[in-house]
Amino acid sequence: MKKISLFPLLYVLLFCQYMGCKPADKPSASRSKEQGITGRKGMVVSAHPEASRIGLEILKKGGNAYDAAVATGLALAVAYPVAGNIGGGGFLVYRKHDGETGALDYREKAPKAATRDMYLDAQGNVIANASILGHLAVGVPGAVDGMVKMHQKLGSLPWAQVVQPAIDLARNGVVLTEREARLLNGAKEEFLKVNKFKPNVVRDTPWQKGDVLHLPELAKTLERIRDKGRAGFYEGETADLLVKEMKRGRGIISHQDLEEYQAVWRPAVSGTYRGYKVISMSPPSSGGIALLQLLQMVEPYELREWGWQQPNTVHVMVEAQRRVYADRAAYLGDPDFYKVPVASLLNSAYLKKRMSTFDMDRATPSTQIQEGQLLAHESDQTTHYSIVDQWGNAASVTTTLNGNFGSAVMVEGAGFILNNEMDDFSVKPGVPNMFGLIGGEANAIVPGKRMLSSMTPTILEKDGKLFMVVGTPGGSTIITSVFQAILNVIDHGMGMQQAVAAPRFHHQWLPDQIQSEATALSPSVREALQNKGHKLQNRGNYGAVDGILKLPNGLWEGGADPRGDDTAMGY
Ligand code: GLY
């Protein structure tokens, strides 16, 4: 009797969970299936229902996208402490209703006392976890100055009005989702190891779904920020508490570091893809440049005709990714310290030349440097939110603590968690960071320098009008996840919800392997890719792409990634 394998059936079932669905190798990508929440006037899509609710309320009260961005960002610091923050940093890419675009860089910085080799021992070896866990891993936070500057330049409601909902949420408490309870329980040991006191995110008995997390100290810190703006964080009581916390754990952030921190307005980077204008984050993120390189490299190929997640489509995308991540390691860093060759990296002749070694039939092996191993767990370390308002202003914001709950350091008495962004520097040339990313001189540690990021908050225009707002967390996978969401919409005709839910794959040059979610590539596609010489590696679900798309009927469609508690709310 013929033996029947259950694997193809399992693939189809898992895929259908995401897509809706038409099995086999050529899944349907019709716009009508799995449509997300729609709204005529405005939309907020974020990683947490409370944050989306608060952002939407601000929009309904007449606030614009940037008022809502501040309110949502602060609400995430309360309701989504795994990544939402005031102790980290982030990027805003904006497009105003009149077409003006720009970017705000509120990335963390290396403290003044940082040194190039601060994470190496006497033999020059990397000290395990020193840039990841505890006080020394913390970069000077930029989130509060970023939100203050965002509001000053682009907001319309009074500052106190946009801060207040997060204060109320912290005081009244957050009802934990199943996922949040699991994440907090998972981080318990690290919180206890790193902090000299028991932070209120730690409980003797495990957190359960439905438990209420009260954050009164965070509420007080937010009140200081409400009343004093940036001085409520970078000076006075909050600054004193933060510096005291640093001293308790041999951290190196000083009062001077805090006083001197300034977020910076930068021009966004932009390019085109199949007639759409793509606007994204400039350095110190590698995200915008890498995304524009990827789009230009795949544009000559018939992705639509080949079909979604088909061997040729995946092969071309992966080969572009391999080349782009190699550039990232060599050329990208903080533009205030290192001359990033932006124009050269985006030059079409250069990109054409980069793809001249591309072989349609064979994978090009990555250069043999020490391989980094990506972590195969959920990547919650960063969070993205997308907002549009009734006037057509758009905010694309990605903010981060870096790892889950950052350094795990909670500032005693101030109730907020600090980032471990120092790990995004190249702590030693050629040694991979927690995302397996390798770097060199461009991203070496220098006091006051910003560490390289992959965050890719992005906005697309079609015919001069706002078309899409998109971004995601996911460390090194951010760039390729945003890339795939854009191709899903433009080349494969998906709506926003479908595009963010669709399973993904990732290649980052080193390690030399395609990492894919369980249902991203069918068995026959995997076989075809292996025949071309690709190495394949399964990994857990990753990223949380949250986007907004203008539908042909004029409505906004919010796409909230089903991998998390992400929620779209519109009106
Ligand atoms: N911490 C993740 C990033 O900025 O890319």
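What number of residues within the range 498-514 satisfy the criterion of being touching a strand residue (DSSP E or B) at 6+ places or on another chain (Cβ under 9 Å) and open to solvent by 10 Å² or more (accessible area, probe 1.4 Å)?
Adding up the residues that qualify gives 1.
One line per residue, one yes/no per condition, for (1) open to solvent by 10 Å² or more (accessible area, probe 1.4 Å); (2) within 16 Å of the ligand (Cβ to nearest atom); (3) in contact (Cβ under 8 Å) with a residue 60 or more places away in the chain; (4) in contact with a strand residue (DSSP E or B) (Cβ under 9 Å, 6 or more places away or on another chain):
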{"residue": "Lys428", "(1), (2), (3), (4)": "yes, no, yes, yes"}
{"residue": "Val446", "(1), (2), (3), (4)": "yes, no, yes, no"}
{"residue": "Thr456", "(1), (2), (3), (4)": "no, yes, yes, yes"}
{"residue": "Gly471", "(1), (2), (3), (4)": "no, yes, yes, yes"}
{"residue": "Met496", "(1), (2), (3), (4)": "no, no, yes, yes"}
{"residue": "Ala520", "(1), (2), (3), (4)": "no, no, yes, yes"}
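Here's the yes/no breakdown for (1) surrounded by 24 or more Cβ atoms within 10 Å (Cβ to Cβ); (2) within 19 Å of Ala485 (Cβ to Cβ); (3) more than 16 Å from the ligand (Cβ to nearest atom); (4) of a type in the set (Gly, Ala, Ser):
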site	(1), (2), (3), (4)
Leu241	no, no, yes, no
Gln256	no, no, yes, no
Gly271	no, yes, yes, yes
Pro284	yes, no, no, no
Pro300	no, no, yes, no
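Would you point out which residue out of Ala71, Ala128 is farther than 19 Å from Tyr234 by Cα and at pLDDT 95 or above?
Ala71
Based on this model, can you work out whether Thr72 counts as hydroxyl-bearing (Ser, Thr, Tyr) and assigned to a strand (DSSP E or B)?
no
Any idea which residue in the range 526-540 is modelled with the lowest pLDDT, counting only those that are surrounded by 19 or more Cβ atoms within 10 Å (Cβ to Cβ) and in contact with a Ser or Thr (Cβ under 9 Å, 6 or more places away or on another chain)?
Arg539
Scanning for something away from the ligand (no atom under 14 Å from the Cβ), open to solvent by less than 10 Å² (accessible area, probe 1.4 Å) and touching a Ser or Thr at 6+ places or on another chain (Cβ under 7 Å), does the range 398-414 turn up at least one residue?
Yes: the range 398-414 contains one or more residues that are away from the ligand (no atom under 14 Å from the Cβ), open to solvent by less than 10 Å² (accessible area, probe 1.4 Å) and touching a Ser or Thr at 6+ places or on another chain (Cβ under 7 Å).
Regarding the range 553-560, can at least one residue be identified that is touching a helix residue (DSSP H, G or I) at 6+ places or on another chain (Cβ under 6 Å) and under 21 Å from Leu59 (Cβ atoms)?
The answer is yes; a qualifying residue exists.
So is Ile369 at pLDDT below 80, open to solvent by 10 Å² or more (accessible area, probe 1.4 Å), within 16 Å of the ligand (Cβ to nearest atom) and within 27 Å of Glu319 (Cβ to Cβ) or not?
no
Each row is one residue, and each column tells you yes or no for (1) surrounded by 15 or more Cβ atoms within 10 Å (Cβ to Cβ); (2) over 18 Å from Thr383 (Cβ atoms).
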{"residue": "Arg182", "(1), (2)": "yes, no"}
{"residue": "Asn185", "(1), (2)": "yes, yes"}
{"residue": "Glu189", "(1), (2)": "no, yes"}
{"residue": "Lys193", "(1), (2)": "no, yes"}
{"residue": "Pro199", "(1), (2)": "yes, yes"}
{"residue": "Trp207", "(1), (2)": "yes, yes"}
{"residue": "Lys228", "(1), (2)": "yes, yes"}
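Among (1) modelled with pLDDT under 95; (2) open to solvent by less than 10 Å² (accessible area, probe 1.4 Å), where does Ile478 come up short?
For Ile478, the failing item is (1).
The values are calculated or read from the model by the stated rules, or taken from the named source; none is laboratory data. What you see is a predicted model, and the numbers here were worked out from it, not measured in a lab. Please note: Cβ atoms are built from the backbone with ideal geometry, for glycine as well, and neighbour counts cover all protein chains shown. SASA here: full protein model, heavy atoms, side chains in, ligands and nucleic acids out. Shrake-Rupley method; radii C 1.70, N 1.55, O 1.52, S 1.80 Å.
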